[in-house]
Amino acid sequence: MTHAHKLPEKYMNTRPPRPYQEPAINEIVGAFLTPEDNKALIVMATGLGKTYVAAESIRRIRANKKCRVLVCAHTNDLVYQLERAFWPFLKPSETTLMWNAYERPTYAQLESTDFAFACVDSVSAWIQNGNNLPEYGVFFVDECHHVGSSMYDRVFEALNAGKPGGAFALGVTATPWRPDEVDLTKYFGHPRASIDMVTGLKNGFLANVD
């Protein structure tokens, strides 16, 4: 059993986006507001703040249209990290819950919670067992180069994610390449923003490496 958590006021974010993050955020919000698109892919090198871009984009999206958000990743550790990373972007009144092999929400809890942070295998198993998902306005996948598995496909199908009328599909990754030739654009469209490590180093976004 898991419980929704309200967050204290002190977590509110005060740091503005960096200059290279703002265009990516605007691209995501613009895609959300264009129903026929309904998806966005952001490719940014490690250290450039992919999660910041996603969280700030979702904050702006929910300011425009209140909706539930499902955040998925492929490991428990990453899911817990994501919840903590999102804290500064949430109002005290907004609730979160964890969904994995250890914390298993009921449908009523999912339906009444603003943000569900989930391991994809737990969500996939829920669907495979014949359970419905609440309506989610945003489906965010971190390290989205892992999509293409039957587990992710099951969640995409259940949410109609990335298609008109379904959940807005947002994916971020530093490595958009897969050895099995799965096409990420099928799930998230072509990259709305792409900043690789070389660009990050040349422009001073990343520290030089000895």
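Does Tyr107 satisfy being hydroxyl-bearing (Ser, Thr, Tyr) and over 22 Å from Ala55 (Cα atoms)? Yes: the conditions hold for Tyr107. Confirm whether Gln109 is within 19 Å of Ala158 (Cβ to Cβ) and touching a His at 6+ places or on another chain (Cβ under 8 Å). Yes. For region 15-45, a tally of residues being open to solvent by 30 Å² or more (accessible area, probe 1.4 Å), in a loop (DSSP other than H, G, I, E, B) and closer than 23 Å to Leu90 by Cα returns 6. Among the residues making up region 51-75, those that are over 15 Å from the mean Cα position of the chain (by Cα) and assigned to a helix (DSSP H, G or I) are Ala63, Asn64. His74 meets all of the listed conditions (1) touching a residue at least 40 places away in the same chain (Cβ under 8 Å); (2) within 21 Å of His146 (Cα to Cα); (3) open to solvent by less than 50 Å² (accessible area, probe 1.4 Å); (4) of a type outside the set (S, T, N, Q) but one, namely (3).
The values are calculated or read from the model by the stated rules, or taken from the named source; none is laboratory data. Treat the numbers as computed from the prediction; the structure is a model and nothing was measured. FYI the Cβ positions are ideal-geometry reconstructions off the backbone, even for glycines, and counts take in every protein chain you see. SASA here: full protein model, heavy atoms, side chains in, ligands and nucleic acids out. Shrake-Rupley method; radii C 1.70, N 1.55, O 1.52, S 1.80 Å.
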